[in-house]
Amino acid sequence: NKRIETVSELAKEIGENDFCKRHLGADIALDSDKMISAGQSFGGMSAISIALGDQPHFKAVVTHDPCFFPCFPMIDNASFDMRHPTFMCMSESFLGSMNDMIFYFPRDLWKDFDSITANFKKTIPEEKLEVIKLMDSNHTD
């Protein structure tokens, strides 16, 4: 996935000592040992995907309405290897009415969401996983 490769390369570059001087003209260093992968919608799924497994850059994940539609094979195979603290927030309208109006997938997306959550519970310690379903809410709230 090109997006994951690009973000991974950027994360590696941010970790270099002279990143701020080269790009911002500032002689400061960033604490790249504490980077968080975060995103909303397609960016939310990218935030999850970039932080999977034993990658060295991101130490936690924060997502709002991760658009996991491109990842149905991973959902079906329960192959999400998330090991980092994760916060995932899902709006009712995103998986409910939006699916009927826009995406037309013949799947139960709430069941897919629950499958992802169950898979995360296998690899993330309970105290480091928080999943929230926002009922009566919209994708852009």
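The values are calculated or read from the model by the stated rules, or taken from the named source; none is laboratory data. Everything numeric in this text was worked out from a predicted model, so none of it was measured. Positions of Cβ are backbone-derived with ideal geometry, glycine not excepted, and every protein chain shown enters the neighbour counts. Remember, those area values only see protein heavy atoms, side chains included, never the ligands or the DNA or RNA. Shrake-Rupley method; radii C 1.70, N 1.55, O 1.52, S 1.80 Å.
A few remarks follow.
- Exposure of residue 3 as accessible area (Å², to 10), given a probe of 1.4 Å and all protein chains: 120
- Label-point separation in nm, residue 16 to residue 28, each point 7 Å along Cα→Cβ: 2.0
- Carbon/sulfur fraction of accessible area - the chain, other protein chains in place, 1.4 Å, %: 54
- Using a probe of 1.4 angstrom and keeping all protein chains present, the accessible surface of the chain works out to 58 square angstrom per residue.
- Under the simplified labelling scheme, the residue 60-residue 6 pair shows an inter-label distance of 2.7 nm, with each label point 7 Å from Cα along Cα→Cβ.
- Of the GluC sites (Glu not before Pro) in region 1-53, the ones in a loop by DSSP (not H, G, I, E or B) with at most 13 other beta carbons within 10 Å are 16.
- Alpha carbon centroid spacing (whole Å) that separates region 1-32 from region 45-92: 22
- Relative to the dominant Cα principal axis of the chain, helix 2-14 is inclined by about 30°.
- With contacts taken as Cα pairs under 8 Å and at least 6 residues apart, region 34-76 reaches a relative contact order of 45 percent.
- Solvent accessible area, Å² - residue 140, 1.4 Å probe, full protein context: 120
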